[in-house]
1. To the nearest 20 debye, what charge dipole does the stretch 306-409 have about its Cα centre, counting +1 at the Cβ of each Lys and Arg and -1 at the Cβ of each Asp and Glu?
2. Quick one: give the max-minus-min coordinate of the C-alpha atoms of the stretch 1-111 along each principal axis, largest first, in Å.
3. Using the Karplus curve 6.51 cos²θ - 1.76 cosθ + 1.60 with θ = phi - 60°, what ³J(HN,Hα) values do you get for each residue of the stretch 300-310, in whole Hz, with x for Gly and Pro?
4. Hey, could you grab the Kirkwood Rh for the stretch 259-409? Inverse mean 1/r over distinct alpha carbon pairs, Å, one decimal.
5. What ³J(HN,Hα) values, in whole Hz, does the Karplus curve 6.51 cos²θ - 1.76 cosθ + 1.60 give for the stretch 342-351 when θ = phi - 60°, with x put for Gly and Pro?
6. Please list, in order along the stretch 99-108, the HN-Hα scalar couplings obtained from phi with the Karplus expression 6.51 cos²θ - 1.76 cosθ + 1.60 (θ = phi - 60°), rounded to whole Hz, x for Gly and Pro.
Amino acid sequence: MNFFHKIKALAARLFPERQLYFRTNGVVRFISISHNTQIFAASMVFALLIWSLLTSYSYLNRAEILAAKDMELAKTEQRYNDANQQFQALKQDIQSSTKALEQRQIYLQQLLDADSSLSSEIEAATQEKDAGGKGDEPGRKKPIPHEISFHTGGSTAIYDEHQKQLDNFKFSLNRIETQQQALAERMVGRISQKIAYVEKTLKQSGLAPGKLMQLAENRPSSMMAMGGPFILYSEQVNFDLSTDEPFAKLYAHHNHLIDLESVIQHIPIGMPTKKYYISSNFGVRKDPFKKTWARHSGVDMAGWWKNPIYASANGRVTKAGRNGAYGNFIEIDHGNGFLSRYGHLSKILVKKGELVTLEQKIGLMGSTGRSTSPHLHYEIWFNGKPINPQKIFKASNNVLKIQRQEYDS
């Protein structure tokens, strides 16, 4: 018996011919259900069951797929939103950097324009670097890119393109910032030389730079230097001379130089008379009348009767008249703690409260008061104490150069 016959025999046993009896109004009827009919009906029921199972599985599987896709879409959207926020933050950072670089460029250019010696030194360094073939030099004026206005919405491809442009933009800004910092360091070096020159000159004049600065800072009328570049960093930057940040260092050194130059303007460097010789020095001397050792608070500049006497700096006359042993006497306040005094005059040509200028004629040499012969008793006071005018005389040329911005190279 082959396999087909076995299947047929099994089907005959499972689905034998059946009869269904119906009784209606005493009449009995029956319906015969053949073997094939039963197999067909069973096949249809089985097919329906299989179809139901497959449909249910497909529905459930599709729901899971859609849920997974929705979750993946939500994750993708979240990643895009996070990336977009990073993009916006980067864009804002670049725009802030651009503004900072523009402010710094203006500041650097102002320093170069205001100081021809500094500008020429930077230009010489630039030419030397160009001759060596080492590429760009920070002394050159670089164009700074302006504000960015990208549309950040849209496809990932657009975002990626904008991100690439911003990265290139930031790279350019970092390059410009590096060049500016190199220029700032070079300028700090030059300004430091000037500061050293000014401080050396002040010490030669017998003046302490620190005391001068302290007086200038404590006086209400003093206008210390203010201004400088916009500093990009959000953290607190140390603006004293010891800082390492290039622009903070440049700002501190430049303002310190301005302050020194400002206070040095008050030093009375002018010669109070043109034709003279020193007949008595500053310090301890033998008094001409009592013949005992006594302190001499100024210098005696002997000369001819009625030699012109000049103001040794700009200032305001605080005293003009008779003053005991000084005879005819003038005192001028030059500001920032400096006073000059002129004694033994034969004639006074200014009045109290009058503003005078450097080398303005204020009186005539004489021998009034406690004096033995025609001469000018000349004093310079700083911070309530007399200082040696002869030191000021020796340093006057250097002080004058600083006042005129003519530094030694």
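Please treat every number below as a calculation from the coordinates, not as lab data. Here the structure is a predicted model, which is why all the values come from computation and not from measurement. No Cβ is skipped: glycine too gets one built from the backbone with ideal geometry, and neighbour counts run over all protein chains shown.
1. 320 debye
2. Computed over the Cα atoms, the extents are 125, 48, 11 Å.
3. Taking θ as phi minus 60°, the curve returns 9, 10, 6, x, 7, 4, 6, 4, x, 10, 10 Hz for the stretch 300-310.
4. Values: mean 1/r = 0.0643 Å⁻¹.
This gives a value of 15.5 Å.
5. 10, x, 6, 6, 7, 8, 9, 10, 10, 10
6. 5, 5, 5, 5, 4, 5, 4, 4, 4, 4
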